[in-house]
Structures are given as structure tokens and as C-alpha cells.
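Scroll down for the structure; my scribbles are underneath it.
Just so you know, all these numbers are worked out from the coordinates, no wet-lab data involved. All values derive from a computational prediction rather than experimental measurement. Don't worry about glycine lacking a Cβ; one is built from the backbone with ideal geometry, like all the others, and counts go over all protein chains shown.
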């Protein structure tokens, strides 16, 4: 379970999150929708531990432990995963090399043994197949020269391999055509499980037709201003964010 | 954030003793008097029991050296070396060993600590059968052991300290010594010609493929001592040899001078592959101490279809001034230069290569990867030239620089000269920085700061690491990670 309490965050003296409260229960898929500039991406970066943000107040508890005290890699090892809106390219580093390094780093951090190479390859091949990622793609340097859709599928592949407890998807639908959206959503849905919770950040209701959320939260000016079930997303799609935009600069 | 602070502290603590070869060996040494003079040169020559012609060669070099100026065109700055304040010869007091049992046990221990196998017996008995490397170990000014001599000589390969070769194969030495790097080539090479004390000599007879890797391991131990080694490798027609050199030195507050000369000669259809893993003491984080590495390395593709390939992984030294080069004299000959130069702390590197195309249809390839961290400066300096007669010459150059942090510098200074219109030269260069976003991405997936840096850097240098003999590639990879410890955070 993830509990975010009174989270107040600034970047370069500008306050972005203003005492945000949010709980995501085990096994729950929560969607966060909101206009541009409402602080959605900031929230995802603060959860993952990006350096540039200054946490002024509040805490983020993962199963009761405050992860704000941890470095990004420690958070990852304790089960936090962020699927990036813009996944980074790592030139010269083979995708398999990267996957193996990260998987084993997390296993070491948790005091588990490293995976043997045959076990690792089996695991990757199984997960890759479901996401229609071919072997050729796995041989290339990570994300280098990948299309937008390929990069997003690679994010979900990593999510599947690392088996996190809490997954944040930051606008995973951006830049995806319908086919890619279907594959990516299918990958996410396959990972829905009892002990795993999701925070799906998006502008559009469209994604939520594929990944059907248990709860929908509306974010505005760095706070959760409204919560409801999946019908709330549909209502938003019809009415727009106009009523939540008050006081927004851009 | 406390976690970040902890990371920084941990990294700092690693940084202080990251140079794990910094220990010192205590044994009785015999030295020349301090400074350089005709007497000192005579002393060195006498110690080596050299023939008269060798002494004359040295004295001639010394005379010329006195008229020369230290070069100042490299992008490095350092306190002037006081050439009068150096010992030019230092050797363990025990006489040269005929077998391992006669070597001072302290020296054996030193090489054991460094992970250099001097006991070929163990290897032969199959304890580590995959690692069959013949080693010449040079301790300060003298060679202390050469392994696998017997087995190599069965194949006709000569691998011995150059001081021995001067006595035993004077004709070969006379014919080739100074034929690639002339006595008056440059200030440091001329100094080396006057005072060089030891180094390795290799001769591969026609048609022979050297049955194992050859390597020389250089260790500077004694305080205030310069190391001036001289290596000469001749690959006769149709032969092949792969050679590796490694270097370390104790941690000291003073700077120490290392001015080596390496000459390679490849005759018709011969190939020499020369790899260096250079890990001289780089000085501390404030730039105190460390080795001045002023080295002249040159290969001559003298015969048609010959090939010389330099691969270097440079992580050590306070100052590096080094340009392993190829003279492509034979038609269709080929030169290659693969380099990884890592600088951290206050290190200064000015390194690169020269590819001199003289013969027809000669080809060369340069892949240089510079990685700068800390407050270091890292310069690639290279020359590619084609002579009037070098029709059809081709070169491909790729220089990439990677910056870690915002206090270091990377510089690329390429020279290209072509005197004929059929030459094709290509040059590519990039400079990139490990971005914070890349680091964050890797960390989000569970890699620590150090692991993320190592992974990104290894991706950056991959093309070059692939050129190293397998076992050394692994070592080099580790070495690079160690050198960069503490560079981020």
C-alpha cells in the first residue's frame, strides 16, 4: 500500500505540490488525470526520487516505510517502478546487458542471489514475447533508435522483469498509435495482481478504456481535488478540465 | 537528503585508497649517483656489461640531448622536472637471477601482490592453464625475470631483457635499435637513448606465429627514480605476435618520471598487436604526486601487407604525453590505434596517434575514447598524413569524448595532411556528457550511482575494449570503473 501524506514539493522556489494526499491500496489501479501543469509529472518524479525537487513537507509511505529517506536505487529495490514518459537512450549498452544489470542489482540489494544466465534469458524471452518485442530489438543498445512505441514497450518489459510492488506510469499513452496502445495496455493488464498497485497518469480517458482503473483522481494545482470511479474519467472527457483550471497560469 | 550525503561520504572514502597498487617494496637497492653525466652513463653501460658500440651510442645521444629543449606544445602544465635530481639507475642489489629461486623473495611477493604470474611452473601444471602468458618483469631499472623462455625458444622466438639481447644478439639489436625512433627524435626519446636501463626485446622469426601472449610488466618502486625502459619488437616476414604491457608504481608525494621508448618493426606480411594497460600512480585528488609519463611509441610497417595495431587503456599517471604511431611504409600496410584514456582527479592527458601513410593503398583506423572526470583535462592529439606516393591511402578516425561532472575538460586536436588527391580521410568526433537524466533512469531501475556510471562508460568504450585480448579486457573494464570511483555523486 502506498500512502502519500501532505506532500509539499518545490522546484527552484516554485511550489508545485501543495499538501497532496493520496492512498493507493494493494492490487488497486488508480488513475490520475488533470490539466497541464497540475503537478502530475512532478508527483511521479518525487515518488521515484529525482534530485531536483525539494520536499518541503509530508511523507510517502510504501507499506509503512517512508521512501523519501531513500536513494532512487533503494526505492527501486524496495519495489517502486516508474515507466518514463520519455525513456532515456543508453548508447553502447546492449538491452540485455542493461536488463541483467538492473535485475541483479535489485536482487543483490534485497539479499537475493543473482539470476543465472539461462534463467535470465528464459525470463526475458517469455516476457518479451507477450509484448511483441523481437530478439533483434533486444540485441540493440537500450532505446537507441527505438520508435516511440518500442520505447514504451521496453518500459513495460522492464516492469514485467523487475516485478515491482508499486508502478507509476507517466503518460505511457503519449505518442502511441492504437496498435501500440493495445500491446502496452495488454502488458500492463497482465501484470495486475493482488500485491501490486498502479498509479496511471494520463491526460486522456482513451488509455483508461484499455487499462480500466479502480479509482480515478483529478489533480489540480498540486492537490487531489476530486476522486471517483471510472465514470469520473468519462465525465471529464466530456466536460474538459475547465472547472479545475482556476488560478492556473498557462 | 541523507541518503545522498551517505553516498557522497562512501564515495569519498573509496576515493582515498582507490589506487590499490600503491604499496612499496623494501629491498636493498644499488643506484647510480644522482643526476645525469657521462660518468652516470658509463656506470649504467658497465653495469649492463655492454659492448663499446652501445656505450658510444648512448654518449652520442647524451651529447645531443644537452642541446635539446623540453617540448611545451602539449596541453599539460607541470612543474619543471629537475633532471639533476633523479636517479637514472636503480636495481635490486642481488645479482641477476638465473632462476626464480634466486630472485629476492620480496620482489616475487611484489609481483604476486600485483597479480603477475612469474611462476610458470604453476601454469604448466595446469593450475591456470588458460592463462598462458610469458612475462618479462622489469623492476625499476632491471628485468628481474622472464618466463617461458625455453618454450618460446623452441619456436625460435627470442624474448628477453634488452640488456641481454645487446650482448647475445648484437647484430639484430644494432640493425633495428633507433631505426624507428631515431636517437634525436625528441627530447624524451633522446634522454631515454642515453640512459635506458632495461626493457624487453622480442624477435619473431619468419613465418612463426608466436605460441603465446608476451607481456612486460613495469614496476617503479624506488623513490626519486626515473624509469627509462626500451622495448624493441621485430616481427620478421609472415610472423605474428601479440604483446601486452602493464605498469604500476607506489603512491608517493613526489612526481616520478617515466620516459620510455618502444619501437616496433613489422616486415612483409607480419603483424604486431601491442596492447597497454597503463595504471601508473595518478597522484592524489589534489594533484600531489603521480607519474609523469612521457613516452615515445612508434611502429614501422616496413614490409608490404604488414600490420601494426596499438590498443591502449590509460587510466594512470599524473601527466600523460604519449602518441603511439604507425609509419605505413610498406604497400598495403595497415595501422590501427584503439585508445581509452580515462582521467580523474587532477590528471592531465595529452595523447593520440600519428598515422603516416607512405606506401600505396595503405589503410589506417583510429578509434579514441576519452573520458574525463573530476578536474582533469583530457586531450586527443592526432596526425594523419599521406605522402605524395601514398596513392589510395585511406583513414578512418573516430574520436569521442565523454565528460563526467562539470569541472573537467575534453579537447580534440586533429591534424590532417594529404599530399595526394587519391587519399580518403574520414574524421568523426563527438563530445557528450553523462546526463543527469540518464543517471536517474539507471538508478530508477536499481543501479547505484557507481554502477550506473560504470555501465554508461562501458557502453561508451565498448568498441575499444573488444580489441583487447579477452582476459585483459575484463581487467581493463574493472580498472576503468575503479579509476572513475568518486567521479559522480
If the convex hull is drawn through the Cα atoms of the stretch A:159-245, its volume per residue in Å³: 109 Å³
Globularity index of the stretch A:2-244, i.e. its alpha-carbon radius of gyration over 2.2 N^0.38 Å: 1.00
Averaged over B:446-458, number of beta-carbon atoms from partner chains that fall within 10 Å: 6
FRET efficiency for residue A:21 and residue A:134, using Cβ-Cβ distance with R0 set to 35 Å, rounded to 0.05: 0.20
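Please work out the FRET efficiency for the pair residue A:235 and residue A:55, using the Cβ-Cβ distance as r and a Förster radius of 45 Å; give the result to the nearest 0.05. Write out the running numbers ahead of the final one.
On the way: r = 33 Å, r/R0 = 0.73.
Computed FRET efficiency for residue A:235 and residue A:55: 0.85.
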Rounded, prolate or oblate (a/c below 1.5 giving rounded, otherwise prolate when a/b exceeds b/c) for the stretch A:118-167 by Cα gyration tensor: oblate
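Rounded to the nearest 0.05, what FRET efficiency is calculated for residue B:52 and residue A:174 with R0 set to 51 Å and r the Cβ-Cβ distance?
0.05
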Beta bridges by DSSP in the protein assembly as shown, antiparallel share as percent, to the nearest 5: 20 percent
Label-point separation in nm, residue A:116 to residue B:436, each point 7 Å along Cα→Cβ: 4.4 nm
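How much length would be gained if the chain were fully extended between residue B:75 and residue B:38, taking 0.36 nm per residue of separation minus their Cα-Cα distance, in nm to one decimal?
10.1 nm
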Residue-span extension gain [residue B:407 to residue B:184] - 0.36 nm each, minus C-alpha spacing: 76.5 nm
Estimated distance in nm for a label pair at residue B:149 and residue B:169, the labels positioned 7 Å out from Cα along Cα-to-Cβ: 1.3 nm
Three-way shape label, the stretch B:324-479, alpha-carbon gyration tensor, a/c 1.5: prolate
DSSP beta bridges in the stretch A:2-244 [antiparallel fraction, %, rounded to 5]: 60 percent
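What's the average, rounded to a whole number, of partner chain beta-carbon atoms within 10 Å of each residue's beta-carbon in A:70-81? Kindly include the intermediate steps, with their values, before the conclusion.
Working: counts 3, 9, 14, 12, 4, 4, 6, 3, 1, 0, 2, 3.
The per-residue average across the peptide is 5.
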Relative contact order computed over the stretch A:2-244 (Cα-Cα under 8 Å; 6+ residues apart), in percent: 30 percent
Choice from A:71, A:239, A:174 with maximal GNM fluctuation in chain A (Cα, 10 Å cutoff): A:239
Cα gyration tensor category, rounded, prolate or oblate, for the protein assembly as shown with a/c compared to 1.5: prolate
